[in-house]
Amino acid sequence: GAPGEAAILESSLRSFYRLFAPLPPLPAALPGRMNVIDHVRDMAAAGLHSNVRLLSSLLLTMSNNNPELFSPSQKYQLLVYHADSLFHDKEYRNAVSKYTMALQQKKALSKTSKVRPSTGNSASTPQSQCLPSEIEVKYKMAECYTMLKQDKDAIAILDGIPSRQRTPKINMMLANLYKKAGQERPSVTSYKEVLRQCPLALDAILGLLSLSVKGAEVASMTMNVIQTVPNLDWLSVWIKAYAFVHTGDNSRAINTICSLEKKSLLRDNVDLLGSLADLYFRAGDNKNSVLKFEQAQMLDPYLIKGMDVYGYLLAREGRLEDVENLGCRLFNISDQHAEPWVVSGCHSFYSKRYSRALYLGAKAIQLNSNSVQALLLKGAALRNMGRVQEAIIHFREAIRLAPCRLDCYEGLIECYLASNSIREAMVMANNVYKTLGANAQTLTLLATVCLEDPVTQEKAKTLLDKALTQRPDYIKAVVKKAELLSREQKYEDGIALLRNALANQSDCVLHRILGDFLVAVNEYQEAMDQYSIALSLDPNDQKSLEGMQKMEKEESPTDATQEEDVDDMEGSGEEGDLEGSDSEAAQWADQEQWFGMQ
């Protein structure tokens with residue numbers, strides 16, 4: 001009955017309050033006896049976060065209702081453990097609030113300690129030893145701020161920690177935050193401090209190299225550990241390789257990493273293979289890039305890093321089914337990384353669903369604002385939707401994050417050309433040529449801009465010849481040279497160029513252009529074969545399909561048609577019209593997350 005239940009409840013409450021009743025003033029704690037704060041601390045150490053959250057919440061309410069219930073140091077501990085449990089539940093704003101209260105409590109505690117010196121009570125020593133570190137609390141607060149994308153607040157809280165008290169992880173976080181904010185000098189200082197304390201902190205080494213610190217200087221900071229610790233003879237070569245990576249010297253970086261990868265102890269390392277794949281991609285060697293990505297993926301089926309670039313390369317080749325499967329697999333691994341969203345975005349983009357690609361790119365940026373591939377995807381989608389000025393913002397941010405990646409500059413220059421800003425495109429192309437050096441890629445990029453101006457046609461021809469002398473198989477240079485020969489109606493020369501380029505590789509665009517040239521010289525049967533090969537490589541290639549349909553209707557190609565067919569020879573899906581995007585615009589417009597310049 002009700003009276004029986006009331007008696008049980010009263011008995012339970014008495015037991016509860018007995019458990020939490022403050023210990024008698026003398027002695028403050030008995031040897032071997034745990035108070036409730038000790039239980040909370042043990043549960044926190046055991047990873048029982050949900051239990052800590054419930055209990056600490058109840059205890060803090062009790063403390064608020066009776067301030068004498070817990071000592072100031074116990075109240076401080078409760079606030080920290082409660083904040084830690086909130087952090088674990090990803091309630092970052094709430095956690096910051098509780099950490100702030102804990103620091104205020106610690107401040108009051110420090111003042112009390114100064115005013116009232118220790119009585120010599122032996123029980124106070126263990127209690128002071130187990131107090132959560134104030135430095136650790138500030139670090140956790142900074143982590144919360146970074147999760148909330150409040151980097152300035154994170155820097156401010158860590159900056160407040162005296163240099164001598166900064167642990168390696170605090171210096172590492174500060175270095176990354178300074179770098180993101182564009183404050184290079186303090187970032188370099190913080191990375192160096194990490195290396196001084198932990199000379200094998202490889203990510204700190206990469207951070208220094210990315211900030212233009214010389215490889216020799218970075219290597220000198222690790223020399224002592226290389227000489228004293230066995231099996232680290234590879235480290236100096238590793239530093240040298242990534243120094244080349246960050247100076248944009250792709251060929252030497254590839255050679256150096258290959259020399260490392262051939263060493264038996266480092267063979268089949270997924271990180272090195274991923275770096276090699278990325279370098280081949282930057283060098284324009286897409287075939288080897290795909291091979292290395294596939295090799296890395298076979299070694300580690302759960303690999304996420306670099307898979308956005310891999311997905312982009314597959315999409316460019318027209319392997320949309322493979323891209324879709326890759327996207328599904330990556331989402332099963334983690335949907336909290338940018339890569340799966342970028343891969344799905346590439347599938348949408350090359351299916352000409354630009355509005356959906358825009359949304360997926362924005363979602364990827366939301367998850368990782370430093371994702372260069374996400375910025376490029378969103379920029380390309382905006383460009384193809386005619387929103388060129390917004391696209392320019394994204395390509396510029398990509399260049400800021402990856403100044404050695406040519407594809408970032410290519411995207412920006414395409415935007416300038418799309419808006420008829422040939423002068424700006426020329427200035428940018430010249431700057432890239434001077435900054436990244438005269439290689440096949442930069443020569444072709446500059447030639448692409450020169451082709452847009454009738455005055456600089458001859459210069460374009462010279463630049464393309466130089467590019468093809470360096471790399472006869474570089475597809476973009478072959479495509480642009482073919483475009484030039486088409487304008488001059490030198491179809492036989494174009495056919496010879498394309499046959500030579502296709503001798504050691506197979507590419508949809510090259511087969512399609514060869515088909516166009518063969519039509520121009522009335523070689524209809526072989527032209528049909530070339531269109532068929534192009535469509536077998538990329539079934540979605542609209543221009544090859546159109547060429548084949550014209551052949552089937554036995555329509556004789558006119559000069560005007562020929563001009564139109566070759567007008568956009570890079571049309572492998574990168575530049576498209578708005579077909580297929582309008583139907584999805586309404587569906588995705590409300591869901592777009594915009595990339596904002598901080």
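A few points about this structure:
- Region 447-474: number of residues that are within 18 Å of Asn250 (Cβ to Cβ) and surrounded by 21 or more Cβ atoms within 10 Å (Cβ to Cβ): 2
- When Leu200, Leu208 are checked against the criterion of being open to solvent by 40 Å² or more (accessible area, probe 1.4 Å), among the hydrophobic types (A, V, I, L, M, F, W, C) and within 22 Å of Thr167 (Cβ to Cβ), Leu200 stands alone in meeting it.
- Within the option set Gly386, Gly411, being open to solvent by 10 Å² or more (accessible area, probe 1.4 Å) and not hydroxyl-bearing (Ser, Thr, Tyr) holds for one residue only, Gly386.
- Residues located in region 414-431, provided they are surrounded by fewer than 19 Cβ atoms within 10 Å (Cβ to Cβ) and hydroxyl-bearing (Ser, Thr, Tyr): Ser419, Ser421
- Criterion applied to Ser110, Ser63, Ser122 was being modelled with pLDDT of 90 or more and small (Gly, Ala, Ser), and the one residue passing it is Ser63.
- Among the residues of region 71-110, those identified as of a type in the set (A, V, I, L, M, F, W, C) and open to solvent by less than 20 Å² (accessible area, probe 1.4 Å) are Leu78, Leu79, Val80, Ala83, Leu86, Ala95, Val96, Ala102.
- Test: Ala467 is at pLDDT below 95, more than 30 Å from Lys180 (Cα to Cα) and either touching a helix residue (DSSP H, G or I) at 6+ places or on another chain (Cβ under 7 Å) or of a type in the set (A, V, I, L, M) (or both): yes
- When region 348-369 is filtered for residues that are in contact (Cβ under 8 Å) with a residue 60 or more places away in the chain and assigned to a helix (DSSP H, G or I), the ones remaining, listed by number, are Phe349, Tyr350, Tyr354, Ser355, Arg356, Leu358, Tyr359, Ala362, Lys363, Ile365, Gln366.
- Residue count for region 321-342, restricted to those that are in a helix (DSSP H, G or I), out of contact with any Leu (no Cβ under 8 Å at 6 or more places or on another chain) and open to solvent by less than 30 Å² (accessible area, probe 1.4 Å): 2
- All of (1) touching a residue at least 60 places away in the same chain (Cβ under 8 Å); (2) touching a Lys or Arg at 6+ places or on another chain (Cβ under 9 Å); (3) open to solvent by 10 Å² or more (accessible area, probe 1.4 Å) hold for Val372 with one exception: (1).
- Number of positions in region 386-438 that are outside any helix (DSSP H, G or I) and over 16 Å from Lys476 (Cβ atoms): 9
- Ala216 assigned to a helix (DSSP H, G or I), closer than 20 Å to Trp238 by Cβ and at pLDDT 95 or above: no
- Selection from region 300-318 of residues that are over 17 Å from Glu339 (Cβ atoms) and either open to solvent by 40 Å² or more (accessible area, probe 1.4 Å) or free of Cβ contacts under 8 Å to residues at least 12 places away in the same chain (or both): Glu317
- Inter-residue pairs, beta-carbon under 8 Å, first over 18 Å from Ala418 (Cα atoms) and in region 438-457, second of a type in the set (Val, Ile, Thr) and open to solvent by 50 Å² or more (accessible area, probe 1.4 Å), 6+ apart: none
- Odd one out for Leu443, checked against (1) of a type in the set (A, V, I, L, M, F, W, C); (2) buried (at least 21 other Cβ atoms within 10 Å of the Cβ); (3) not in a helix (DSSP H, G or I): (3)
- Considering the conditions (1) in a helix (DSSP H, G or I); (2) open to solvent by 20 Å² or more (accessible area, probe 1.4 Å), Gly345 is excluded by exactly one of them, (2).
- Any chance Ala142 is surrounded by 11 or more Cβ atoms within 10 Å (Cβ to Cβ) and modelled with pLDDT of 95 or more: yes
- Complete set of residues in region 250-266 that are open to solvent by 40 Å² or more (accessible area, probe 1.4 Å) and either at positive phi or not hydroxyl-bearing (Ser, Thr, Tyr) (or both): Arg252, Asn255, Lys262, Lys263, Leu265
- Wholly within region 449-535, helices (runs of 4 or more DSSP H) carrying at least 1 residues that are more than 39 Å from the chain's Cα centre (by Cα) and farther than 24 Å from Ala425 by Cα: 491-501, 508-520
The values are calculated or read from the model by the stated rules, or taken from the named source; none is laboratory data. Since we're looking at a predicted model, the values are computed, not measured. All Cβ positions, even for glycine, are placed from backbone atoms using ideal geometry, and neighbour counts span all protein chains on display. SASA here: full protein model, heavy atoms, side chains in, ligands and nucleic acids out. Shrake-Rupley method; radii C 1.70, N 1.55, O 1.52, S 1.80 Å.
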